[in-house]
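**Q** Take a look at the following structure, please.
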Amino acid sequence: MTINTQAILFGILAGAASALLAGSVLTQTSLAVILFLLSAFPLMVAGLSFGPAAALIGAGVAGLAVAVLVSAPAAMVMLLTTALPAALATVLISLARPADEIGGQAGDTVWYPLADTIFYASLVIAGGFVILGAYAGYGMEFATEFARTMEEQFKVVNPEFVPSAEFAPSLAAFIYRAVPLIQPALLTLALMGSLYLALAVVRPSGRFARPKDDWPLALRMPRAGLLAFGFSLAVSFLPGPVGLTATAFCGALGAAFAAAGLANIHNRLRGKPGRGFVLGLAYLALFLFLPVLFLFVFIGLFDTTRAAPVTKGQPPKTLH
């Protein structure tokens, strides 16, 4: 891993940009949430353009900036759920080795599989969420307080709203189980989106030697992911911290498998008449009926034959 002046400079700039995006969540608007989810993007662009060291430097700068400008807990959230997974994904996606070391053609170069990059980044996201939950003391008390806050907001929006005695406890029970599932899933999807955009932005510059990944074909989770998801799903039914921990991993891995299922459909519909209509219908159904997501997870579970891009001959030298 090369650390030079460019890596340091652009890492610092990327870290500052990432901190600004993450800090925008304090405005508590819908746009701020989107900006926070995109806070990994500058780190990835810097890492792909000037070497993985730039992403790691940027992650450190972003965490420090958020700690100084907002708070140390906010910096922990940003680092564990966004910055460090983004830096890891940048490091992994940049790895390459001679193809003949794994039985390929001598002189060719094979790159680290896209799916494995997503798999390990999702594990880091889930692990970060678990650490944050333990630090914050996440439990039914937190969920109950959050449910009561939501109940009061409902009353403000609609003064005629009269909740039943079971409303807050039922909502608290739902929040208690749903938050560890949904948030890691959302963060994993956001990381994949940022990686896709960063690769698309950097590739035309010629600074990144990795060939273009065929996402519909390459995004198939590794078999290790299948085992990890199955184990997490089984353990998630246990009560207490153990079940919540498994739920977080189940959410992150489930999002990755859902994306793999969507990629599988994209690939199978290539060259077929009405492809755009069918894909549009699939995404519309996913948007309107969230349970459809489980169908894509199911599809993703049954195909783990992923591909890795190969550079014929020696890869061209990048600028980092």
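The values are calculated or read from the model by the stated rules, or taken from the named source; none is laboratory data. Model, not experiment: these values are computed from the prediction. Cβ atoms come from the backbone with ideal geometry, glycine included; neighbour counts cover every protein chain shown.
**Q** Are there any pairs with C-beta distances below 6 angstrom linking a residue in the stretch 1-24 that is in contact (Cβ under 8 Å) with a residue 40 or more places away in the chain to a residue that is surrounded by fewer than 24 Cβ atoms within 10 Å (Cβ to Cβ), with the two at least 6 apart or on different chains, and if so which?
**A** Qualifying pairs under 6 Å: MET1/ALA53; ILE3/ALA53; ALA7/ALA53; ILE12/VAL61; GLY15/VAL61; ALA19/ALA65; ALA22/PHE36; GLY23/VAL70.
**Q** Where the second residue is in a helix (DSSP H, G or I) and β-branched (Val, Ile, Thr) and the first is in the same structural domain as GLY240 (by TED's automatic domain parsing) and lies in the stretch 169-182, which pairs have Cβ atoms under 6 Å and are six or more apart or on separate chains?
**A** ALA172/THR144; PRO180/THR247; LEU181/THR247
Table: residues versus (1) at negative phi; (2) surrounded by fewer than 17 Cβ atoms within 10 Å (Cβ to Cβ).
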| site | (1), (2) |
| --- | --- |
| LEU244 | yes, no |
| GLY271 | no, yes |
| TYR283 | yes, yes |
| LEU286 | yes, yes |
| PHE294 | yes, yes |
| PHE298 | yes, yes |
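**Q** Shifting gears a bit: Please go through the stretch 286-320 and give me each residue that is of a type in the set (Gly, Ala, Ser), in contact with a Leu (Cβ under 9 Å, 6 or more places away or on another chain) and at pLDDT below 85, ordered by number.
**A** ALA307, ALA308
**Q** Can you confirm whether the stretch 119-126 contains a residue that is in a strand (DSSP E or B) and either modelled with pLDDT under 95 or farther than 16 Å from ALA62 by Cα (or both)?
**A** Within the stretch 119-126 (the criterion being in a strand (DSSP E or B) and either modelled with pLDDT under 95 or farther than 16 Å from ALA62 by Cα (or both)), the answer is no, since none of the residues qualifies.
**Q** Given the criteria at pLDDT below 95, assigned by TED's automatic domain parsing to the domain that holds VAL292 and surrounded by 24 or more Cβ atoms within 10 Å (Cβ to Cβ), does ALA258 qualify?
**A** So ALA258 fits the description; yes.
**Q** Being touching a residue at least 40 places away in the same chain (Cβ under 8 Å), among the aliphatic types (A, V, I, L, M) and in contact with a helix residue (DSSP H, G or I) (Cβ under 9 Å, 6 or more places away or on another chain) narrows it down to one of ALA252, ALA246, ALA282, ALA234, so name that one.
**A** ALA252
**Q** The conditions are (1) surrounded by fewer than 15 Cβ atoms within 10 Å (Cβ to Cβ); (2) closer than 25 Å to PHE36 by Cα; (3) touching a Lys or Arg at 6+ places or on another chain (Cβ under 9 Å), and TYR135 fails exactly one of them. Which is it?
**A** (3)
**Q** Next question, about the same structure. Would you be able to tell me the number of residues in the stretch 194-229 that are of a type outside the set (Lys, Arg), within 24 Å of ILE299 (Cβ to Cβ) and surrounded by fewer than 15 Cβ atoms within 10 Å (Cβ to Cβ)?
**A** Residues in the stretch 194-229 being of a type outside the set (Lys, Arg), within 24 Å of ILE299 (Cβ to Cβ) and surrounded by fewer than 15 Cβ atoms within 10 Å (Cβ to Cβ): 3 in total.
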